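Below: one structure, written as structure tokens.
The values are calculated or read from the model by the stated rules, or taken from the named source; none is laboratory data. What you see is a predicted model, and the numbers here were worked out from it, not measured in a lab. Heads up, the Cβs are rebuilt from the backbone with ideal geometry, glycines too, and the neighbour counts pull from every protein chain shown.
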Amino acid sequence: MQAVTLIVTFVLTAAVVQFAGFLISQVIDRVWPTAGLLTFLILFLMAYGIAWPIAVRIAEWLIRRAGYVVETEQSGGVRRRDSMESYMADRRGVSR
């Protein structure tokens, strides 16, 4: 449920940030026509990077507001291989 909340929040946040970028590029296009397209492309790509941290904070707030605890650990348990501890345990042949 928390992943769905985050994904929906990200899509909505990205749409809002994309629209704001579009409006900014339209204003720049009217003032400086040769920079309008470049501005739009830069803001279009930046919108996803800007929208993600905003969406994470909004989703965490929504989850806490609903009375749940935010899940911060990744799934996978003992099968995870993305930490130094799990890497070294695999090299030594130690099972956790």
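Remarks
A quick yes/no check of all residues on (1) in contact with a Gly (Cβ under 6 Å, 6 or more places away or on another chain); (2) at pLDDT 95 or above; (3) outside any helix (DSSP H, G or I):
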site: I54; (1), (2), (3): no, yes, no
site: I58; (1), (2), (3): no, yes, no
site: S75; (1), (2), (3): no, no, yes
site: R91; (1), (2), (3): no, no, no
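- Taking each residue of region 52-68 that is charged (D, E, K, R) and looking for partners that are part of a loop (DSSP other than H, G, I, E, B) and surrounded by fewer than 16 Cβ atoms within 10 Å (Cβ to Cβ) with beta-carbon atoms closer than 9 Å, six or more apart or interchain, yields E60/V70; R64/V70.
This table checks each residue for (1) within 23 Å of V11 (Cα to Cα); (2) modelled with pLDDT of 90 or more; (3) in contact with a Leu (Cβ under 9 Å, 6 or more places away or on another chain).
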{"position": "I42", "(1), (2), (3)": "yes, yes, no"}
{"position": "Y48", "(1), (2), (3)": "yes, yes, no"}
{"position": "A66", "(1), (2), (3)": "yes, yes, no"}
{"position": "V70", "(1), (2), (3)": "yes, no, no"}
{"position": "R81", "(1), (2), (3)": "no, no, no"}
{"position": "V94", "(1), (2), (3)": "no, no, no"}
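- Subset tally (residues that are assigned to a helix (DSSP H, G or I) and over 30 Å from E71 (Cα atoms)) for region 9-43: 24
- Summed over region 1-41, the residues that are among the aromatic types (F, W, Y) and touching a Phe, Trp or Tyr at 6+ places or on another chain (Cβ under 9 Å) give a count of 3.
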